[in-house]
Amino acid sequence: MTSHVIQYVDTIQDRIVKSLAELVEYPAVSPHEGGEGENRKARFLEKLAQELGLSHIQWHNAPDELAPEGFRPNLVIRVPGKTDKRLWIITHMDVVPEGDRSLWQTDPFKAVIKENRIYGRGSNDNGQELIASLYAAAAMKECNILPEYETYLCFVADEELGSEFGIQYLIEQNLFKEDDLIIVPDGGNDRGDFVEVAEKSILWLQFTVGGQQVHASRPDLGLNACRIANAFATELDKAFHDAFPEEDNLFTPPFSTFEPTRRLPNVGNVNTIPGKETFCFDCRILPSVNVDDVLNVVSQVISPIEKEYGGKIKLTVLQRTDSTPPTPLDAPIVHLLTKAIKAVYSFDPEVGGVGGGTCAAYFRKEDIPAVVWAQEADVAHMPNEYCEIEHLINETKVFALLMAGVE
Ligand SMILES: [Zn+2]
């Protein structure tokens, strides 16, 4: 039965590709970034779902004053199953803006198909998985296979800007239950061999060091902010790594990471001592480490450096997202997805944690197990974003097998 649906998906490749190409032409950029939002795209998807014979479609509209029609749409398509156990495949309709147009070789909102790829904004993030889930449901129907699980395709708004009008809104409406099977296919690699069950906390720190700018030949008259920043960054780097040596093999790498990253430009010429220096740390912190403890280490390092060198060091927290407890490795969705991947790719995926940032975290916060998986090129948010057609078809097969409960 299920090998039949896998073969059938190969025969409808052209229809799947055509629908993803059409989807790209709805530029669902958030109204909070000057875009038109998801409404036109949602109407297109509703019509497409109906054409595919999927008739149980519900709109969950999150009020948003900035949206053209006063709301942000979330579409939920229910596919009846043999049991009342529920499977959710959650993808997002919104896309990020195209960015610098001159970096695009084609129109970002006009799909171009070449070399077995579909180019365009949102073709990869998250249109590829959205269309794969829709055609998985269509293929099951066209093969006359009743899914094992009552399946819900959920197309959400606002993922790129924090999910307030998307998955967070749906969770508030109590749509989900603790024993639901939930997959968020919005992250992965180009082999499709990694299932994400946990995320580290994210902490982005920016430091501004204040000194006094003077001519480089008279350091005695000023205070070199660059030197203070160098000393401080080195101390802080060491203090972080000394304070948090914990390891957790669920994650790659298995330890917390503390990386000095961006430095803002300081002075325009060599012979000026900078009076101000700004730099950042990107910290990805294991769930066993309290983020407040990390911030305490910062305060402990700042004061002795200020005392030794003079000047003022100011901390700005640019982003803080505390981790949630991981989805247990023995959760039913982990087991089901692993079996489906094995059936399509003939390998066992690795199951583990990543550095952070998907909407599966909102489910884990509510104690609802959720996994993240996709087979996709690493081109999300970039110019010339594309979807590899082979990935799209493989994902369609995996989602159909999930619906079928594998076998
Ligand atoms: Zn995404």
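The values are calculated or read from the model by the stated rules, or taken from the named source; none is laboratory data. Please read these numbers as outputs of a predicted model, since none were measured by experiment. Cβ coordinates were reconstructed from backbone atoms using ideal geometry, including for glycine residues, and neighbour counts include every protein chain displayed. These area figures cover heavy atoms from the full protein model, side chains too; ligands, DNA and RNA do not enter into them. Shrake-Rupley method; radii C 1.70, N 1.55, O 1.52, S 1.80 Å.
In what order, largest first, do Ser323, Ser201 sit by accessible area if the probe radius is 1.4 Å?
Final ranking, largest accessible area leading: Ser323, Ser201.
Please compute the length gained on full extension between Arg320 and Arg263, using 0.36 nm multiplied by the number of residues separating them and subtracting their Cα-Cα distance.
Extra length from Arg320 to Arg263 when fully extended: 18.6 nm.
Using a 1.4 angstrom probe with every protein chain in place, what is the largest-first accessible-area order of Arg227, Arg284?
Highest to lowest solvent-accessible surface, that is Arg227, Arg284.
Between the helical axis of 389-404 and the dominant principal axis of the chain, each derived from Cα atoms, what acute angle in degrees is found, rounded to the nearest 10?
60 degrees
Of all accessible surface on the stretch 285-333 at a 1.4 Å probe, what whole percent is carbon and sulfur?
Whole-percent figure for carbon plus sulfur exposure: 54.
Over 20 Å apart: what share of the alpha carbon pairs of the stretch 85-144 falls there, rounded to a whole percent?
40 percent
Residues with amide H under 5 Å of Ala62's amide H, sequence separation 5 or more or different chain, H placed in the peptide plane at 1.01 Å from N; which?
Here the answer is Arg72, Asn74, since their amide H atoms fall under 5 Å of that of Ala62.
Rounded to whole Å, give me the distance from the Cα center of the stretch 210-238 to that of the stretch 154-191.
Cα centroid to Cα centroid, the span is 46 Å.
Can you give me the relative contact order of the chain as a percent, contacts being Cα pairs under 8 Å and 6 or more apart?
Rounded, it is 24 percent for the chain.
What pairs from Lys339/Lys397; Lys41/Lys85; Lys200/Lys314; Lys339/Lys365; Lys41/Lys110 go past 18 Å between their alpha carbons?
Listed pairs above 18 Å: Lys41/Lys85; Lys200/Lys314; Lys339/Lys365.
Enumerate the amide H contacts of Leu318 below 5 Å, restricted to partners 5 or more residues apart or on another chain; note that Pro and chain-start residues carry no placed amide H.
It is Trp204, Leu205, Gln206, by chain and number.
Out of the stretch 43-81, which GluC sites (Glu not before Pro) are coil in DSSP terms and have no more than 14 other C-beta atoms within 10 Å?
In loop regions of the stretch 43-81 (DSSP not H, G, I, E or B), the sparsely surrounded GluC sites (Glu not before Pro) are Glu65, Glu69.
Kindly work out what percent of the DSSP beta bridges joining two residues of the chain are antiparallel, to the nearest 5.
On the way: 48 of 67 bridges.
The antiparallel fraction comes to roughly 70 percent.
On the full set of protein chains, 1.4 Å probe, figure out the accessible area of Arg101 and give it in Å² to the nearest 10.
Spelled out: Arg101, probe radius 1.4 Å, area about 120 Å².
Give me the mean projected area, in nm² to one decimal, of the convex hull enclosing the Cα positions of the chain.
Hull-based average projected area comes out at 22.0 nm².
What's the magnitude of the charge dipole for the chain around its Cα centre, counting Lys and Arg as +1 and Asp and Glu as -1 at the beta-carbon? Answer in Debye, nearest 20.
Value, rounded to 20: 660 debye.
Mind grabbing the accessible area of Tyr309 for me, 1.4 Å probe, Å², rounded to tens?
Accessible area of Tyr309: about 70 Å².
Could you give the accessible area per residue of the chain, probe 1.4 Å, as a whole number in Å²?
Working: 17830 Å² over 407 residues.
Per-residue value: 44 Å².
Determine the equivalent ellipsoid of the stretch 201-321 by diagonalising the alpha-carbon gyration tensor, then write out the semi-axes as square roots of 5 times the eigenvalues, largest first, rounded to whole Å.
That gives 31, 14, 11 Å for the three semi-axes.
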